[in-house]
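Peer 1: This is the structure I have questions about; it appears just below.
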Amino acid sequence: MQNIQNIPTLKSIGSELTSAYKKEQSSLRTKTTKIVFSTESFEFKLGKLISDILSLENTKLITKELALKYSINAIDKRRRSEALNLFSNHSNYVTWLKNNPKKRFTSLSAMIKAYAFENKPKQEDTSSQEVLQIEDKSSEQSDVGQSVKEEPKVQKKLTASDVAFETVLALDTNGISKEEFLVALKEQLELIEDNIQLDEVA
């Protein structure tokens with residue numbers, strides 16, 4: 001049986017922690033906004049450095065050797081990736097945040113993901129246009145007095161090359177290095193193979 005006398009105490013502790021949490025989140029949102037806006041922030045400077053290294057070395061990836069060569073090997077790879085993303089898209093992020101003052105984030109990673117989601121290319125909805133075209137043509141008479149009918153177009157299947165292209169775009173948009181993606185892809189393929197083997201045994 002619960003000790004009823006402890007309930008007010010626990011509620012009080014919960015209220016205090018909630019208040020502390022809200023203050024923490026507010027502080028993080030303010031900090032992230034300052035990081036994005038300032039060209040003197042650690043992330044911006046790191047991103048610029050990485051961009052300069054890539055340009056100087058004529059490469060698109062910071063390898064372990066390059067990271068060691070330029071003394072940034074101790075900095076987490078994910079943070080380096082986010083910093084480069086920030087530097088490369090700095091003006092876009094600043095404009096976006098200025099135009100959306102209610103959009104504030106507790107981390108740079110969260111902001112980058114939100115921006116990518118909101119600004120991803122929108123696929124045009126051509127299905128309604130195709131239906132209207134079919135209806136218009138079906139109402140027209142041909143030279144022999146017969147109506148013209150068209151079958152709805154079948155959506156083209158993506159080729160392996162198409163999928164690869166879309167994947168590369170997604171990697172660049174989300175600031176994920178190709179090296180990290182290949183490691184993750186290998187892990188997913190191994191999981192799929194393991195599941196297949198388990199299904200066969202079952």
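Laboratory data are not the source of any read-out in this text; all were calculated from the coordinates shown. These figures come from a predicted structure and were not determined experimentally. Ideal geometry is used to build each Cβ from the backbone, glycine not excepted, and the neighbour counts take in all protein chains shown.
Peer 1: Viscosity 1.002 mPa s, temperature 20 °C: give me the Stokes-Einstein translational D for the stretch 37-110 in µm²/s, with Rh taken as the Kirkwood radius over C-alpha pairs.
Peer 2: Estimated via Stokes-Einstein, D reaches 163 µm²/s.
Peer 1: Within the set of other residues whose C-beta is less than 14 Å from the C-beta of K102, count the net charge using Lys and Arg as +1 and Asp and Glu as -1.
Peer 2: Counting the neighbours of K102, the net charge comes to +3.
Peer 1: Over 22 Å between Cα atoms: which of K77/K113; K64/K178; K64/K120 fall into that group?
Peer 2: Pairs exceeding 22 Å: K64/K120.
Peer 1: Residue-wise, which Karplus ³J(HN,Hα) couplings in Hz belong to the stretch 46-60, taking 6.51 cos²θ - 1.76 cosθ + 1.60, θ = phi - 60°, and x for glycine or proline?
Peer 2: Running phi through 6.51 cos²θ - 1.76 cosθ + 1.60 with θ = phi - 60° gives 5, x, 5, 4, 4, 4, 5, 5, 4, 5, 5, 8, 6, 9, 10 Hz.
Peer 1: Step through the table entries K45/K69; K31/K69; K23/K103, compare each Cα-Cα distance with 21 Å, and write down the pairs that go over it.
Peer 2: In this structure, K31/K69 lie more than 21 Å apart at Cα.
Peer 1: Which three extents, in whole angstrom, do the alpha-carbon atoms of the stretch 1-130 cover along their principal axes, largest first?
Peer 2: Cα spread of the stretch 1-130 along its principal axes, largest to smallest: 69, 57, 31 Å.
Peer 1: Taking every pair of alpha-carbon atoms in the stretch 1-54, what share in percent sits in each 5 Å bin, from 0 to the bin with the longest distance?
Peer 2: 4, 16, 12, 12, 10, 9, 9, 7, 6, 5, 5, 3, 1, 0
Peer 1: Most exposed first by the Cβ proxy, i.e. fewest other Cβ within 10 Å, how do K122, K48 rank?
Peer 2: Going from least to most buried by this count: K122, K48.
Peer 1: Through the Karplus equation 6.51 cos²θ - 1.76 cosθ + 1.60, θ set to phi - 60°, convert the phi angles of the stretch 19-26 into ³J(HN,Hα) values in whole Hz; use x for Gly and Pro.
Peer 2: Those phi angles translate into 5, 5, 4, 4, 5, 4, 5, 5 Hz.
Peer 1: Suppose the chain between F42 and T59 were pulled fully straight at 0.36 nm per residue; how much longer would it get relative to their current alpha carbon spacing?
Peer 2: Result for the pair: 3.8 nm of gain on full extension.
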